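Here's the structure we're looking at; comments come further down.
The values are calculated or read from the model by the stated rules, or taken from the named source; none is laboratory data. Remember, it's a predicted structure, so these values are computed and weren't measured experimentally. Cβ atoms come from the backbone with ideal geometry, glycine included; neighbour counts cover every protein chain shown. Surface accessibility is based on the protein's heavy atoms, side chains included, excluding ligands, DNA and RNA. Shrake-Rupley method; radii C 1.70, N 1.55, O 1.52, S 1.80 Å.
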Amino acid sequence: MRGLGIFAALLAVLAALWAPPLRAQADPILVTEISQHEVLVRQGFTGAELLLFGAILEPDGRRGGDDYDIVVILRGPSQAIRIREKQRIAGIWVNAEATSFRSVPSFFALASSAPVAEIVDPRTAAIYEFGLDQLQLSPTGTIDQAQYDRFTAGLVDLRRRLGLFQQNENSVTISEGVLYQARISLPSNVVVGRYVAETFAVRDGRVIASASVDVDVRKEGFDRVVAEQSQENAFAYGLLAVAMSVFMGWAAGRLYALV
């Protein structure tokens, strides 16, 4: 009897060890890729268009099926920023209240195969930040909910008008229930750094698979040298900028005098 008990315990241990892989194999496989892993910002850069594409497969190699939706998010490096609100006093616009955020994505673009509200519930959308209205920004200090909502809405609106925040629903195409693709445009005023493109497969309101790829946006040529020097030798760069401004002003004055 003791031998049978040990044998049963071993079977239980083996079953526990094998259970996670078996459950993992039940999930679909999401394969994702991007047209450019590197975007070079040179003089005269007017922007770029990235193509994100991939496939949805079941563990046995079959196609994923037509009951999947895809959500793609491209996120730029985070920044700490300060937002000021303007008020009109006696006919003059002046700075009023202000608040700071510790972590704001410098770029955020969402593309989906259907409206987000039809794909997931509000709780899931908030967890995965599916949408500009679901961005989880981190204010510094104490701020009430009404003020947070007001400043967040203003920040999103401003960056949306600059092309740095985008939300394009119904823009992901899925072919034969397997292949998907989405196009996201980078404007000319993008911030350099590492961007992360995340792809989510959603079924029955639940995220069942995800994958990500990186994109390196960096300056090239003279612009890169200037950017590096401005960060690595900020004091010398500032002195040089002031000296060049003084020289250009003096040279312009001399030329004007000669004419």
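Structural remarks
- Qualifying residue in segment 128-142 (condition: modelled with pLDDT of 95 or more and open to solvent by 40 Å² or more (accessible area, probe 1.4 Å)): yes
- For segment 121-149, filtering for residues that are touching a Phe, Trp or Tyr at 6+ places or on another chain (Cβ under 9 Å) and either over 27 Å from Ile70 (Cβ atoms) or in a helix (DSSP H, G or I) (or both) leaves 8.
- Residues within segment 25-46 that are in a loop (DSSP other than H, G, I, E, B), without any contact (Cβ under 8 Å) to a residue 40 or more places away in the chain and among the polar types (S, T, N, Q), tallied: 1
- Count - residues of segment 117-151 that are in contact (Cβ under 8 Å) with a residue 40 or more places away in the chain, more than 22 Å from Ala201 (Cβ to Cβ) and of a type in the set (D, E, K, R): 1
- Restricting Thr199, Thr152 to those that are outside any loop (DSSP other than H, G, I, E, B), crowded, with 18+ Cβ neighbours inside 10 Å, of a type outside the set (Gly, Ala, Ser) and modelled with pLDDT under 95 reduces the list to Thr152.
- Set Arg42, Arg23, Arg102, Arg63: member being modelled with pLDDT under 90, open to solvent by 50 Å² or more (accessible area, probe 1.4 Å) and in contact with a Ser or Thr (Cβ under 9 Å, 6 or more places away or on another chain): Arg102
- Criterion violated by Arg82 - all others in (1) part of a strand (DSSP E or B); (2) modelled with pLDDT under 90; (3) charged (D, E, K, R); (4) surrounded by 10 or more Cβ atoms within 10 Å (Cβ to Cβ) satisfied: (4)
- Any hit, segment 172-187, residues being open to solvent by 70 Å² or more (accessible area, probe 1.4 Å), part of a helix (DSSP H, G or I) and modelled with pLDDT of 65 or more: no
- Pairs meeting the criteria (first residue in segment 167-179 and under 12 Å from Ala114 (Cα atoms), second residue part of a strand (DSSP E or B) and open to solvent by 70 Å² or more (accessible area, probe 1.4 Å), beta carbons under 8 Å, at least 6 apart or on different chains) are Ser171/Arg183; Val172/Gln181; Thr173/Gln181.
- Assessment of segment 106-127 against the conditions (under 18 Å from the mean Cα position of the chain (by Cα) and of a type in the set (Lys, Arg)) yields no matching residue.
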